[in-house]
Amino acid sequence: MHTRLGIDRRRGIGLAGGVALLITACAGGSTAATDATGIAEQDAQLVEIGAGLYPANCAECHGTDLRGTDKGPSHLSVVYEPNHHGDGAFVLAIQRGVRSHHWPFGDMEPDEGLTQEDVTAIIAYVREQQRIQGFEPYPPP
């Protein structure tokens, strides 16, 4: 695996894409006004695409309602609010996997079947659901 600045070129993110990803992660990815959750309203077309991708790629572990399962945590947990886990953290978790560090579910394996566009749409869907539904406490009751 050839990497440059820690960005895996095999995953379709070159240096320019990685810089854009970092800027998006730090800036929240939108100039739209945010609400009490700190999340801006997402692009409706991306949300619709993400809503179609989430059930087949994420729901088995994170739940069809985003509230988690016995295999993975709730995406509505305050742990996933943008100031704690920004969009870049979601991208890296999906593309590279992640070691368990907040939850007892075990490590998350990468999902190599998703394109960069798929990942962007899934994140938009999750963020929109977080904006609409709000966040749950951590640890869960």
> Going through segment 110-129 one residue at a time, which ones are open to solvent by 60 Å² or more (accessible area, probe 1.4 Å) and either within 22 Å of A44 (Cβ to Cβ) or modelled with pLDDT of 95 or more (or both)?
Replying inline: T115, Q116, E117, T120
> Within segment 78-98, how many residues are part of a helix (DSSP H, G or I) and not hydrophobic (A, V, I, L, M, F, W, C)?
Replying inline: 5
>> So P82 passes all but one of these: (1) out of contact with any Phe, Trp or Tyr (no Cβ under 9 Å at 6 or more places or on another chain); (2) in contact (Cβ under 8 Å) with a residue 60 or more places away in the chain; (3) within 22 Å of A40 (Cβ to Cβ). Which condition number does it fail?
In response: (2)
> Which of the residues belonging to segment 130-141 are at pLDDT 95 or above and either over 16 Å from E81 (Cβ atoms) or within 15 Å of the chain's Cα centre (by Cα) (or both)?
Replying inline: Q130, R131, F135
>> Need pairs with beta-carbon distance below 7 Å; first residue in contact (Cβ under 8 Å) with a residue 60 or more places away in the chain and open to solvent by less than 20 Å² (accessible area, probe 1.4 Å) and within segment 50-66, second part of a loop (DSSP other than H, G, I, E, B) and not basic (K, R); sequence gap 6+ or separate chains.
In response: L66/S74; L66/H75; L66/L76
> Among the residues of segment 95-102, is any touching a helix residue (DSSP H, G or I) at 6+ places or on another chain (Cβ under 9 Å) and among the basic types (K, R)?
Replying inline: yes
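The values are calculated or read from the model by the stated rules, or taken from the named source; none is laboratory data. This is a predicted model, so every value here is computed, not measured. We place every Cβ from the backbone using ideal geometry, glycine too, and count neighbours over all the protein chains shown. Ligands, DNA and RNA are stripped out before the accessible areas are found, and what is left, the full protein with its side chains, is counted by its heavy atoms. Shrake-Rupley method; radii C 1.70, N 1.55, O 1.52, S 1.80 Å.
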